[in-house]
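Working notes, beginning with the structure itself.
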Amino acid sequence: MNTPPKEKQPQLIDQLKAIATEEQNPNTLEIDLLDAQGVLKKINDEDHKVAQIVKKSIPQIAQGVEEIVAAFANHGRLIYIGAGTSGRLGVLDAVECPPTFGVSDQQVMGVIAGGDRAIYKAVEGAEDNQAQAVEDLKAINLSKNDVLVGIAASGRTPYVISAMNYGKQIGTRVIGVSCSVNQAFEQANDINICALVGAEVLTGSTRMKSGTAQKLILNMLSTGSMIRSGKSYRNLMVDVNASNAKLYARATNIVMQATECDYLVAKQALAMANNKAKLAILMVLSGLSVDKAQAVLDKNNGFLRSAVEQTTT
């Protein structure tokens with residue numbers, strides 16, 4: 001009887017062994033023996049580590065924020081791109097920006113491998129399709145005025161690395177967000193944000209600590225950029241888009257908090273300002289008409305604090 005030839009181990013298996021997020025976590029080896037509270041405590045113990053790990057990357061995240069602010073000032077966009085959980089997190093952050101900061105749905109965009117259907121259901125092979133990454137970016141007219149953020153927990157996703165390389169090729173500033181060291185990923189970006197969260201509670205389940213770290217980083221990139229672009233006054237979201245009852249109530253509260261006026265004054269100012277909280281606040285604090293208040297805001301590039309200082313001192 002002939003002995004069958006020994007099958008060679010796929011190279012990808014060796015690659016995964018070298019990725020930190022694919023290692024077994026020594027703290028959770030017995031997690032399948034625990035009761036519900038024991039399981040949750042293990043998960044929570046690991047989650048506690050994430051924020052401090054992300055904190056180490058603040059210098060790189062700050063560089064990213066400054067790049068995004070510069071892009072916004074030059075009519076550029078913030079574009080997230082990723083596959084699987086990473087791609088969904090980019091889409092999530094992007095779609096939250098218009099109602100929160102009153103920006104266009106084109107200013108911050110999320111691109112996911114496999115297209116919109118991949119938001120709800122995994123698309124087989126999408127993360128390996130390097131050519132499609134380029135086509136997806138061409139479809140949204142990625143330009144050198146934009147900032148591209150490639151998101152990949154493993155740092156090895158072919159779709160993401162291809163997208164980042166294309167971005168650099170056409171002169172786009174590229175930020176990389178990962179949770180594992182990868183030379184190809186680092187070479188494909190201009191600013192490398194790597195949050196080494198280590199092994200997951202469940203081996204390879206990067207929707208957990210890695211996903212949490214990525215969510216924190218994307219929050220910081222978008223929110224930090226919006227604040228630095230004049231989208232807040234103190235810690236108030238003064239460019240909130242009052243597009244529904246809840247957001248209108250929030251805008252009213254923001255005007256009241258910023259000016260210490262009563263409800264009726266806030267309501268009247270919002271009505272005159274076409275529900276623009278920032279404009280209403282300046283009108284209440286300065287006593288200016290709608291047109292004059294808007295002119296002052298425009299002169300100060302939308303920064304409410306400087307507009308208030310100019311009109312009240």
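Read-outs throughout are calculated quantities, based only on the coordinates presented, and are distinct from any laboratory measurement. Source: prediction; values computed, not measured. Note: ideal-geometry Cβ built from the backbone for every residue, glycine included; neighbour counts use all protein chains shown.
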| query | Classify the stretch 50-228: rounded, prolate or oblate, from the alpha-carbon gyration tensor (a ≥ b ≥ c, eigenvalue square roots; a/c under 1.5 rounded; otherwise prolate if a/b is larger than b/c)? | reply | rounded
| remark: Summing +1 per Lys or Arg and -1 per Asp or Glu among the other residues with Cβ less than 9 Å from Asp146's Cβ gives +3
| remark: Per-residue ellipticity at 222 nm attributable to helices in the chain (runs of n ≥ 4 DSSP H, -39500 (n - 2.57) apiece, nearest 500 deg cm²/dmol) works out to -15500 deg cm²/dmol
| said: Only sites in a loop by DSSP and with at most 13 other Cβ atoms within 10 Å count here; which trypsin sites (Lys or Arg not before Pro) in the stretch 189-285 make the cut? | reply: Arg234
| Longest site-free stretch - the chain; sites: GluC sites (Glu not before Pro), DSSP loop, at most 15 other Cβ within 10 Å | 125-259
| note | Once Lys and Arg are counted +1 and Asp and Glu -1 for all other residues with Cβ under 9 Å from that of Met208, the total becomes -1
| message | Relative to 2.2 N^0.38 Å, what does the C-alpha radius of gyration of the stretch 245-312 come to as a ratio? Two decimals please. | response | 1.00
| said: For the stretch 55-99 and the stretch 250-269, what is the centre-to-centre distance using only Cα atoms, to the nearest Å? | reply: 31 Å
| All Cα pairs of the stretch 114-205, percent lying beyond 15 Å | 60 percent
| task | With everything on Cα atoms, drop me the angle between helix 36-47 and the longest principal axis of the chain, reported from 0 to 90° to the nearest 10. | result | 70 degrees
| field | Neighbour-count ranking [beta-carbon atoms within 10 angstrom, fewest first] of Cys179, Cys194 | value | Cys194, Cys179
| What whole number of Å gives the distance from the Cα centroid of the stretch 148-174 to the Cα centroid of the stretch 275-294? | 42 Å
| task | Select from Gly287, Ala70, Leu148 the residue farthest towards the positive end of the dipole of the chain; place +1 on Cβ of Lys and Arg, -1 on Cβ of Asp and Glu, and compute about the Cα centre. | result | Gly287
| task | Jot down the per residue volume, in cubic angstrom and as a whole number, of the convex hull over the alpha-carbon atoms of the chain. | result | 180 Å³
